[in-house]
Amino acid sequence: MNFSNLAWWACFIFAGVWLQQGLPGIDVLVAGLLVSLQERRHYQTFWLLLVLLLVQEGAGTLAFGSTALWYGALVVFFNVGRWLFEAENLAFVVLLSLGLGACHFLFTLMMASLQQLDIPQDRLFMESVWQACAIPPAWWLTHFVRRRCMGDAHPV
Amino acid sequence: MLDRLAEHAGLEFVGAILKPGVWARDQVVSSWNNYLDLVGVREENEALREQVRTLSQQVQVASEERAELARLRALLELEPPEGWRPLGARVVANRLGPQAALESAIISRGYYSGAGPGTPVVTHEGVVGRVYRAGPYTATVLLLTDPGSRMAVLSAVNRTSGILVGTGPRGLLEMKYVPQNARIEVGELVLTSGLEGAFPKGVPVARVESVSQSDLSLFQTVYASPLADLEALEEVLLLERPPVQPGARTLPLPTVNATQGVGPGTGRGNATSGHGGAHVQPVSPVQSGQQGTRALRPQSTPPASQAPAPQPSAQQPGRLPGNRQ
């Protein structure tokens, strides 16, 4: 991972955290992870996954685990879906986001239940819907900006 | 261990990202406000001078009352409650990220700067909640509207006690376990009771909005609205516990693990049961007899070194409860 790539991801995380401040309950950083998966850079994806995991788990209020499960679901969905779709296909990203939205609801509910926490399910449901809706445009924007900034060295 | 890693790395990382931006925004807003303040500054100056005169008179009256209070306390051989140290903190974010399932806010202080788990958080309007998880310099506050929040309270006029429970985002607070024959009125202020030592006694929390009685329950149904505007928090005050006096007899009380924080409750169990995700371990000795409460204590009490060792109980004052306030 060269310096410009590192700087790009640092800027992405910086912008993503600020964006998340205005979108409570929504993960916009997952779009970067999806782009990284599409680039098939395993080393980069590993470190990005680790950093995003720490950021989301650290800022959250649940015990460690639900984000790990969620990002795990993304990796599994991506690798399974790649057998059927082109990784950069918009339909694939939309299907992936729907699956991730459902997983967000289920995993958060499951972890809250395991911790015996009461959380408002209607709000969680709406946030999961918003999460599913947010991933395709966030992915497109991340993809677009990364391609503009980094050139063709990082084709998706 | 992963929670600890996330708090030390992830939470701090988020804080490090957000704090410079908040600072920059504040500088811009402050500069703009300073410019605007120049307009009409003379009128404001006159008003302020008048306010200073009024406040000076009030301070004189308050000084007299304070002196009288000291005399009465001395007369009753009571010592004043130990002072809680207020610490200012800035709210850098509200619920942030997909894992922020609870009603919470992130503040710019951590356990190195006075915001240990369980630390009460207030504004000038009233109680906000208390610190839930803490990193070294950033912490998460559990707001009192969260369904897992529990707080021992009493009404200001009728001194009716109960447990104040959150009902969710933008919702009212429910005051539970108010007996049917207890008096409580709409519009009455609800204050912290100081039980358990989680909060100093007498801090305003909420105002009673409705009181109703049911034939099916042993308790009244009481709803109150929080005094603090939890939707627009910018700055808060942390109330740091009184320091343990050197040489004081200490009692090892269970306290909250700094990495796990104060867990919110289930909203399903007994309000005093203290379960619900908090990890408690006996690590922090707290001064016997003081234990963080503001309850008055006779000076004629035998010296701590001669006093019999108190028996630990579920309702010990000074205990940081796992999930109850």
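Rounded to the nearest 10 Å², what accessible area does residue A:133 have for a 1.4 Å probe in the complete protein model?
70
For residue B:209, list long-range residues whose amide hydrogen, built 1.01 Å from N in the peptide plane, is under 5 Å from its own amide hydrogen.
Answer set, sorted by chain and number: B:187, B:223, B:224, B:225.
Rounded to the nearest 0.05, what FRET efficiency do residue A:130 and residue A:11 give with R0 = 25 Å and r taken as the Cβ-Cβ distance? Could you check?
0.55
In what order, largest first, do B:192, B:221 sit by accessible area if the probe radius is 1.4 Å?
Solvent-accessible surface, decreasing: B:221, B:192.
Would you mind working out the magnitude of the charge dipole of the stretch A:1-137 relative to its Cα centre, with +1 at each Lys and Arg C-beta and -1 at each Asp and Glu C-beta, to the nearest 20 Debye? Mind showing how you got there, number by number?
Details: 4 positive and 8 negative charges, 50 e Å.
Roughly 240 debye for the stretch A:1-137.
If you find the alpha carbon centre of the stretch B:1-56 and of the stretch B:135-197, how far apart are they in angstrom?
That distance is 29 Å.
Report ³J(HN,Hα) in whole Hz for each residue of the stretch B:137-153, in order, from the Karplus equation J = 6.51 cos²θ - 1.76 cosθ + 1.60 where θ = phi - 60°; Gly and Pro get x.
10, 9, 9, 10, 9, 8, 6, 6, 7, 5, x, x, 7, 10, 8, 6, 9
Mind grabbing the accessible area of residue B:111 for me, 1.4 Å probe, Å², rounded to tens?
The value for residue B:111 is about 60 Å².
Considering only protein heavy atoms, what is the solvent-accessible area of residue B:49 at a probe of 1.4 Å, reported in Å² to the nearest 10?
Rounded to the nearest 10, the figure is 130 Å².
Amide H of residue B:202 versus every other amide H placed in the peptide plane: which residues, excluding those fewer than 5 positions away on the same chain, fall under 5 Å?
Those qualifying (amide H under 5 Å, at least 5 residues apart or on another chain) are B:192, B:193, B:194.
Using each residue's phi in the stretch B:122-129, evaluate 6.51 cos²θ - 1.76 cosθ + 1.60 at θ = phi - 60° and report the 3J(HN,Hα) Karplus result to the nearest Hz, with x for Gly and Pro.
3J(HN,Hα) across the stretch B:122-129, in whole Hz: 9, 10, 5, 8, x, 6, 9, x.
Would you mind checking the tilt of helix A:66-81 against the longest principal axis of the Cα atoms of chain A, expressed as 0 to 90 degrees and rounded to 10?
It works out to around 50 degrees.
Per residue of the stretch B:162-173, what does 6.51 cos²θ - 1.76 cosθ + 1.60 with θ = phi - 60° give for ³J(HN,Hα)? Whole Hz please, x for Gly and Pro, Karplus curve as stated.
Ordered by residue, 3J(HN,Hα) equals x, 10, 8, 10, x, 10, x, x, 6, x, 7, 9 Hz.
Tell me the label-point distance for the pair residue B:51, residue A:75, using the 7 Å Cα-to-Cβ offset, in nm and rounded to one decimal.
Between residue B:51 and residue A:75, the simple spin-label model gives 5.7 nm.
Can you sort A:3, A:78 by 1.4 Å-probe accessible area, starting with the largest? Spell out each step's value before the answer.
Numbers: A:3 165, A:78 0 Å².
Largest accessible area first, the list is A:3, A:78.
Per residue of A:63-70, how many C-beta atoms from partner chains lie within 10 Å of its own C-beta, taken as a mean?
Mean partner shielding for this stretch: 4.
Given H placed on each backbone N at 1.01 Å, which residues far from residue B:93 in sequence or on other chains put an amide H within less than 5 Å of it?
Amide H neighbours of residue B:93, under 5 Å, 5+ apart: B:106.
Give the ranking of A:126, B:151 by solvent-accessible surface, highest area first, calculated with a 1.4 Å probe.
From most exposed to least exposed: A:126, B:151.
The values are calculated or read from the model by the stated rules, or taken from the named source; none is laboratory data. Quantities reported herein were computed from a predicted structural model and do not represent experimental measurements. Here Cβ is always computed from backbone atoms with ideal geometry, including for glycine, and neighbour counts include all displayed protein chains. Just the protein is used for accessible areas: all its heavy atoms, side chains included, with ligands, DNA and RNA removed. Shrake-Rupley method; radii C 1.70, N 1.55, O 1.52, S 1.80 Å.
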